[in-house]
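Worksheet: one structure, shown below.
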Amino acid sequence: MKIILAKDAGYCFGVRDAVNLAYDTTKKEDEVYMLGTIVHNEKVVADLNKSGTKVVDSLDKVPLDKPILFRAHGTTPDIWKTAKNKELNIVDATCPLVTEIHDEIKKLESEGRRTIIIGDHGHDEVVGIAAQVDRPIIIANIEEAKSLRKMRKAGVVSQSTQMIENVQDIINVLMQKVYDLRFVNTICFP
């Protein structure tokens with residue numbers, strides 16, 4: 001039997017920093033609340049819960065005297081606004097690379113481009129990216145790319161955790177569909 005050991009394993013720095021920030025915040029505040037889980041790992045979520053990190057599905061469930069931690073995946077502008085209006089103590093654990101994706105898609109829109117996100121429909125990160133602009137197109141696979149109509153001008157970013165092969169396949173299709181195409185590679189290196 002041949003065993004192949006991965007060169008890299010574990011969390012990317014954005015998730016690692018968000019998890020550490022959750023632990024640090026619970027040490028200071030006893031409890032911290034999050035909209036949804038911080039990472040897709042049940043053991044980590046259970047350990048965080050034991051330390052005082054509580055998962056909720058609404059800002060209404062966050063006590064006014066407790067902090068709300070915005071996860072590494074990013075958060076929609078509406079949720080930011082609501083949390084600020086409620087004067088909640090916001091702990092921002094957004095991955096800096098995700099924040100960069102938000103900035104890039106806004107730049108593409110400001111150039112008059114139709115915005116396209118290569119990513120998984122409904123994924124928290126993609127929802128946060130899409131909320132930064134008006135009427136983004138989300139493409140998860142090559143079939144969805146092929147179904148697009150031709151367009152004059154578009155800009156593309158991707159969910160940070162997309163596989164490079166999927167992004168390349170979709171970009172190859174978009175190059176045939178879009179006259180003026182600008183792609184910003186927002187795939188996270190790790």
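What the table below lists for this structure:
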| read-out | value |
| --- | --- |
| Accessible surface, 1.4 Å probe, highest first, among residues M34, M151 | M151, M34 |
| Region 76-108: trypsin sites (Lys or Arg not before Pro) falling in loop per DSSP and having at most 14 other Cβ within 10 Å | K86 |
| When the convex hull of its Cα atoms is projected in every direction, mean area for region 1-111 (nm²) | 9.8 |
| Selected from F70, V156, L48, residue furthest toward positive end of dipole (the chain; charges at beta carbon) | V156 |
| Karplus 3J(HN,Hα) series, Hz, for region 67-72 with 6.51 cos²θ - 1.76 cosθ + 1.60 (x for Gly, Pro) | x, 10, 9, 8, 5, 4 |
| Against the rule of thumb 2.2 N^0.38 Å, how large the Cα Rg of region 118-171 comes out | 1.09 |
| Residue among I38, I137, I3 farthest towards the positive dipole end of the chain, charges placed on Cβ | I137 |
| Length gained when the stretch K106-Y179 is fully extended (0.36 nm per residue, less Cα-Cα span) | 24.3 nm |
| Accessible area in the full protein assembly, largest first, 1.4 Å probe, for Y33, Y179, Y23, Y11 | Y179, Y11, Y23, Y33 |
| Percent accessible area from carbon and sulfur atoms, region 123-169, protein chains only, probe 1.4 Å | 50 |
| Across K43/K86; K28/K86; K54/K84; K43/K106, pairs whose alpha-carbon gap is larger than 29 Å | K43/K86; K43/K106 |
| With every protein chain in place, region 53-97: carbon and sulfur % of accessible area (1.4 Å) | 49 |
| Accessible area of R182 in the full protein assembly, 1.4 Å probe (Å², nearest 10) | 80 |
| Percentage, to the nearest whole number, of Cα pairs in region 71-135 over 18 Å apart | 38 |
| Length gained when the stretch K27-T82 is fully extended (0.36 nm per residue, less Cα-Cα span) | 17.2 nm |
| Solvent accessible area, Å² - H123, 1.4 Å probe, full protein context | 40 |
| Charge context of N141, other residues only, Cβ under 11 angstrom, K/R +1, D/E -1 | -3 |
| Where region 88-143 is the region considered: accessible area per residue in Å², 1.4 Å probe | 44 |
| Cα-centred dipole magnitude for region 33-190, charges only on beta-carbon of K, R (+1) and D, E (-1), debye, nearest 20 | 440 |
| Cα-based equivalent ellipsoid of the chain: semi-axis lengths in Å, sorted from largest, via gyration tensor | 33, 22, 12 |
| Accessible heavy-atom area order of L69, L5, L35, highest first, probe of 1.4 Å | L5, L35, L69 |
| Projected label distance in nm at K153 and K2, using a 7 Å step from Cα toward the beta-carbon | 5.1 |
| DSSP-assigned coil residues among GluC sites (Glu not before Pro) in region 95-190, each with at most 13 further Cβ atoms within 10 Å | E111 |
| Dipole moment magnitude, nearest 20 debye, region 1-80 about Cα centre, only Lys, Arg, Asp, Glu C-beta charged | 420 |
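The values are calculated or read from the model by the stated rules, or taken from the named source; none is laboratory data. Nothing here was measured: the structure is a model prediction, and the numbers come from that model. Note: ideal-geometry Cβ built from the backbone for every residue, glycine included; neighbour counts use all protein chains shown. Protein only, heavy atoms only, side chains kept; ligands, DNA and RNA dropped before computing areas. Shrake-Rupley method; radii C 1.70, N 1.55, O 1.52, S 1.80 Å.
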